[in-house]
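Taking it in order: structure first as structure tokens, then the write-up.
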Amino acid sequence: MKLKGKKQESSESSEGAKGKMTLSLALVALVSAFGSSFQYGYNVSVINSPAPYMQDFYNQTYLDRTGVPMDTAFQTLLWSLTVSMFPLGGFFGSLMVWPMVNNFGRKGTLLINNLFSIASAILMGTSRLAKTFEVIIVCRVIMGIYAGLASNVVPMFLGEMAPKNLRGAIGIVPQLFICFGILIAQILGLNMVLGNAEGKALAQDFSMGSTGEDFSQLLSCLLAGWPVLLGLTGVPSLIQLLVLPFFPESPRYLLLQKNNEEQARRALQRLRGRTDVADEIEEMFQEDRSEKEEGKFTVLSLFTSRGLRWQLISIIVMMMGQQLSGINGVFYYADRIFESAGVASGSIQYVTVSIGAINVLMTLLAVFIVESLGRRILLLAGFALCCASCAVLTLALNLQNTISWMSYLSIACVIIYITGHAIGPSPIPPVIITEMFLQSSRPAAFMVGGSVHWLSNFTVGLVFLYMEAGLGPYSFLIFCAICLATMVYIFFIVPETKNKTFMEINRIMAKRNKVEIQESKEELRGSQSALNSQAQKMISSSEL
């Protein structure tokens, strides 16, 4: 009876450690992802549709100031700055991750970060009324900093909150909202919605004081056209700023960095929906003891630590593969691919929205299958699909003028590529960063991974137009090679991390790095001692 009771107790403990999706955990994931990750996707896409109208505004403002039209080269430079300042700001935001999450916590960093977004939204939303295009360029840098912080802190925050059996699914939620943000920006950016120059004449009339109803004129000006599209980015941040304070901070941050076991226990109890969280608290203490052997990590020590060598190389390879695999090139070519297939130029923007919808649906699929198939399978399958579609797309683009049905093959390649990228290369790398590093090294790892992500993004935006001009469709062969190289690396080096604790993953990587973890020896001795003690008790009871 005693043995049966112990087995039942062990089974219940195992089920409890497994964890389930509670309302509190689901809500904090949604609030964090909507208030932060959504903004990243929204601001990636928000200026694409109204670009002609915004450039007209730049030119008109310059003409009003100087009396001469803006030079074409200068206008191109200003627009290039408007586009490229966002990923450059993202790089600077990534550099702020390590100091901010260590000093203000994960939740605290997200709350502070909202101020960047709200301030930028107000300034961009009133830029046409103020007749200044410079503020848009500056705010694009600020929004980049915001996105750089959000794209790293949200996966870290949610990854530390989630139980091990849901860590992958919850870790993909930020990417799902990034895709959702892109889709919403595409929908709102349609010419019939906000991607237009509505309110331009109103703004001019108001600035000249030619109307008597000043307040209604101002309101009409503010609520029309592309400035509203830019200003809406502050709404999710405002919602998060008001709601997120009611949710707990990361339990791991509270226990391992603030040394507050009571708050960490209360946070875990609320997130898990049960009072018994002893197993997870103990696992955190094991991680803490293991980390004390190595000390706290800075970015410099991350690069010099032998015990983290393959983890660091892995996140750099995966982040570079994610951005250099051709996703921007595929989106760039998409319009002319659909046009060559006979889609009317006026309908191209609706087809672009449909691609955004496919991106969202495939990322949503990844949320539901990542815990059953695992991270490695999705990464390998995703890069394989991207590699194959890039190769076939090169062939189809070269032959579409001679073989009529090749244009339809090009469309199929675009859809397959988007599907492949959405299930693996886009959502999985941030999950892997969370899982491969322990508490003390995780902020520095996200800082490195985020910096590589944004620098690669910036590089592609800078170089792709020159690549396309020089190589044409053959540009996709370079992307094909990068996808293949990344896939080979993942196959041989990156382990499966599904349903494993951070300490279990750390031991797997320690073997690859050929280092010993002191904690594992202590645990083995402790486990052996416990087994010996239990055996002794059983012998004594049998003698009685």
Label-point separation (nm) for Ile239 and Phe303, each offset 7 Å from Cα along Cα-to-Cβ? 4.0 nm
Computed for region 300-518: size of charge dipole around the Cα centre, +1 on C-beta of each Lys and Arg, -1 on C-beta of each Asp and Glu, debye to nearest 20, value 800 debye
My understanding is that a pair violates if its Cα-Cα distance is over 29 Å; which of Lys20/Lys514; Lys107/Lys131; Lys107/Lys164; Lys107/Lys511; Lys164/Lys258 do that in this structure? Lys20/Lys514; Lys107/Lys131; Lys107/Lys511
Under 14 Å from the 7 Å Cα→Cβ point of Ser80, by amide nitrogen: which residues of region 49-73? 72-73
Under a plain spin-label model, where a point goes 7 Å from the Cα along Cα-to-Cβ, how far apart in nm are Ser354 and Met192? 1.5 nm
I'd like the distance between the alpha-carbon centres of region 21-38 and region 413-468, rounded to an integer number of Å. 22 Å
If you count only protein heavy atoms and use a 1.4 Å probe, how large is the accessible surface of Val141, to the nearest 10 Å²? 40 Å²
Let me know the shape class of region 236-315, please: from the alpha-carbon gyration tensor, a ≥ b ≥ c as square roots of the eigenvalues, rounded when a/c is under 1.5, otherwise prolate if a/b is greater than b/c, or oblate. oblate
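Rounded, prolate or oblate: which fits region 300-518, taking a ≥ b ≥ c as square roots of the Cα gyration tensor eigenvalues, rounded meaning a/c under 1.5, else prolate when a/b beats b/c? Before the final figure, lay out the partial values.
On the way: a/c = 2.50, a/b = 2.06, b/c = 1.21.
Cα axes put region 300-518 in the prolate bin.
Determine the share of region 300-518's accessible area contributed by carbon and sulfur atoms, expressed in whole percent, with a 1.4 angstrom probe.
Working: 5990 of 8520 Å².
Roughly 70 percent of what the probe reaches on region 300-518 is carbon or sulfur.
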Rounded, prolate or oblate: which one fits region 30-84, using the alpha carbon gyration tensor with axes a ≥ b ≥ c (rounded when a/c is under 1.5, else prolate when a/b beats b/c, else oblate)? prolate
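If I stretch the segment between Ile112 and Thr459 completely, what's the gain in nm (0.36 nm per residue apart, minus their alpha carbon distance), one decimal?
Values: separation 347, 0.36 × 347 = 124.92 nm, distance 2.86 nm.
Between Ile112 and Thr459, full extension yields an extra 122.1 nm.
The values are calculated or read from the model by the stated rules, or taken from the named source; none is laboratory data. None of these values were measured; they are calculated from a predicted model. For neighbour counting, all protein chains shown are included, and Cβ atoms are generated from backbone atoms with ideal geometry for every residue, glycine included. To get the accessible areas, we keep the full protein, side chains included, count just its heavy atoms, and leave off ligands, DNA and RNA. Shrake-Rupley method; radii C 1.70, N 1.55, O 1.52, S 1.80 Å.
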